[in-house]
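Novice: One structure coming up, written as structure tokens, with questions to follow.
The values are calculated or read from the model by the stated rules, or taken from the named source; none is laboratory data. Values in this document were obtained by computation on a predicted structure and should not be read as measured data. Quick reminder, even Gly has a Cβ in these numbers, built from the backbone with ideal geometry, and neighbours come from all protein chains shown.
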Amino acid sequence: MNITFWLLLVLILLVVTFLPRVGLFAVYKIYRAAQEREQMEDALKHLLDREQQGRHASPESLAGTLDIPRGNVMQLIENMETQDLLESRGVELQLTTKGQRWALHVVRAHRLWERYLTDEARMPLAKIHGEASRREHSLTEAQLNDLDAALGHPTRDPHGDPIPTREGTLLKAEGMPLTAWQAEGPMRIVHLEDEPALAFEQILAAGLRLGQTIRILDRNSQRYLLTDGETEYRLAPAVAANVSVAALPESEVAKASAIPLAELTHNQRAEIVILDDAVQGFTRRRFLDLGLTPGTVIYPELKNFFGDPRAYRVRGTLIALRKDQAAQIWVKPVL
């Protein structure tokens, strides 16, 4: 009886372990394959990032980025060379055409996920990078195209980084570090670097945001003093270097004579001047579908006892907008 029991138990364990597709061994193989793929894709992203900076990756830089021993890095490089993803030229590593295409797919997935998590899931900016890093390895090309279309084909992620197109085109990042800015007058924040995380958290804690117009009040070796005309912001130089700025675009000049839609009084008519640059993806597409385009007349109607959302009349139709949405639509009051 005992021998039969133990033989049956051993048989069950063998079945559970080696059953095709769902056995423990099969599940472990799937898990290992997924881990190896993620590591390879992280390596591709590192190589692409270096090439975008005009530099080449090396075994040492790859080991530091992936946080793995040099021996493991050399094995990874050998595997990627076998798959025609990279070429080794001495200590320099360079993407092949196939490797670059794959790397752009992963970067596109990461930045579209960040756009979705910000615009639709309303996730705090400090958390979207980590979540997008976990999700970026899971989408096929077709699924990525569907997500892109659903978000309204955004061109930049919430940090200001360009999103690669489905054809594989990646625009050059805008602006220069705040610490390199020498011109007088106002400038626009075009990128907020999210690494290292501690510096990014300090930028967010200070209250700075993408698309914001600022000017430098004072700078020295200890701090940068900035203002947006209402609030002052203080950053250490090392943190300020993670804020990229550029000259004001025409849209900002147009906003100088406009006010946010949310500030209109009841029945006060206004003409839409521009949608804020921060309005991207699905939200921007929804605004356009509602007819919220430059030159359109709009005004608040039907007072809401609670104040939010608020009803607006546009093109003969009544629509509802939350206060934070109306604050992103710039208008010029008309008589």
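Novice: Could you name every one of the strands (runs of 3 or more DSSP E) located completely within segment 254-319 that has at least 1 residues being under 27 Å from the mean Cα position of the chain (by Cα)? Even if it seems obvious, please write down each step before you answer.
Specialist: Details: elements: 270-275, 297-301, 310-314.
Because the criterion is at least 1 residues that are under 27 Å from the mean Cα position of the chain (by Cα), the strands (runs of 3 or more DSSP E) in segment 254-319 that meet it are 270-275.
Novice: Residues being among the acidic types (Asp, Glu), assigned to a loop (DSSP other than H, G, I, E, B) and in contact (Cβ under 8 Å) with a residue 24 or more places away in the chain: count how many of those fall in segment 162-210. Walk me through how you get there before you give the answer.
Specialist: Our first condition is that a residue be among the acidic types (Asp, Glu); within segment 162-210, this holds for 167, 174, 184, 193-195, 201.
Filter again for assigned to a loop (DSSP other than H, G, I, E, B), leaving 167, 174, 184, 193-195.
This time we only want the ones that are in contact (Cβ under 8 Å) with a residue 24 or more places away in the chain, so: 174, 193-195.
Result for segment 162-210: 4.
Novice: From the list LEU178, LEU210, which residue is hydrophobic (A, V, I, L, M, F, W, C), modelled with pLDDT under 95 and either surrounded by 15 or more Cβ atoms within 10 Å (Cβ to Cβ) or closer than 19 Å to TYR116 by Cα (or both)? Walk me through how you get there before you give the answer.
Specialist: Values: LEU178 fails: modelled with pLDDT under 95.
Selected residue: LEU210, the only one of LEU178, LEU210 that is hydrophobic (A, V, I, L, M, F, W, C), modelled with pLDDT under 95 and either surrounded by 15 or more Cβ atoms within 10 Å (Cβ to Cβ) or closer than 19 Å to TYR116 by Cα (or both).
Novice: Of everything in segment 50-68, what is within 15 Å of MET40 (Cα to Cα) and either aromatic (Phe, Trp, Tyr) or not in a helix (DSSP H, G or I) (or both)? Give them in sequence order.
Specialist: Kept after step one, since they are within 15 Å of MET40 (Cα to Cα), are these residues of segment 50-68: 57-59, 61-68.
Across segment 50-68, the qualifying residues are ALA57, SER58, ASP67, ILE68.
Novice: On to the next question. Output the residues belonging to segment 127-142 that are assigned to a loop (DSSP other than H, G, I, E, B) and either assigned by TED's automatic domain parsing to the domain that holds ASP49 or polar (S, T, N, Q) (or both).
Specialist: First pass over segment 127-142, keeping only residues assigned to a loop (DSSP other than H, G, I, E, B): 136-140.
Answer for segment 127-142, where residues must be assigned to a loop (DSSP other than H, G, I, E, B) and either assigned by TED's automatic domain parsing to the domain that holds ASP49 or polar (S, T, N, Q) (or both): SER138, THR140.
Novice: Considering HIS105, HIS110, which residue is under 29 Å from GLU78 (Cα atoms) and touching a Ser or Thr at 6+ places or on another chain (Cβ under 8 Å)? Walk me through it before giving the result.
Specialist: Working: HIS105 fails: touching a Ser or Thr at 6+ places or on another chain (Cβ under 8 Å).
When all the criteria are applied, what remains is HIS110.
Novice: Oh, and also: Go through segment 77-98 and give me each residue that's touching a helix residue (DSSP H, G or I) at 6+ places or on another chain (Cβ under 6 Å) and outside any strand (DSSP E or B).
Specialist: Those that are touching a helix residue (DSSP H, G or I) at 6+ places or on another chain (Cβ under 6 Å) and outside any strand (DSSP E or B): ASP84, LEU85.
Novice: Determine which single condition TYR116 fails, assuming it passes every other condition in (1) at pLDDT 90 or above; (2) of a type outside the set (Val, Ile, Thr); (3) loosely packed, with under 11 Cβ neighbours inside 10 Å.
Specialist: The number of the failed condition is (3).
Novice: Another question, then. Identify, by number, the condition in (1) in a helix (DSSP H, G or I); (2) surrounded by 16 or more Cβ atoms within 10 Å (Cβ to Cβ) that ASN145 doesn't meet.
Specialist: Among (1) in a helix (DSSP H, G or I); (2) surrounded by 16 or more Cβ atoms within 10 Å (Cβ to Cβ), the lone unmet condition for ASN145 is (2).
Novice: Quick test of your reading of the structure: ALA241 fulfils all but one of (1) of a type in the set (Gly, Ala, Ser); (2) under 30 Å from HIS191 (Cβ atoms); (3) not assigned by TED's automatic domain parsing to the domain that holds GLN202. Name the failing condition by number.
Specialist: (3)
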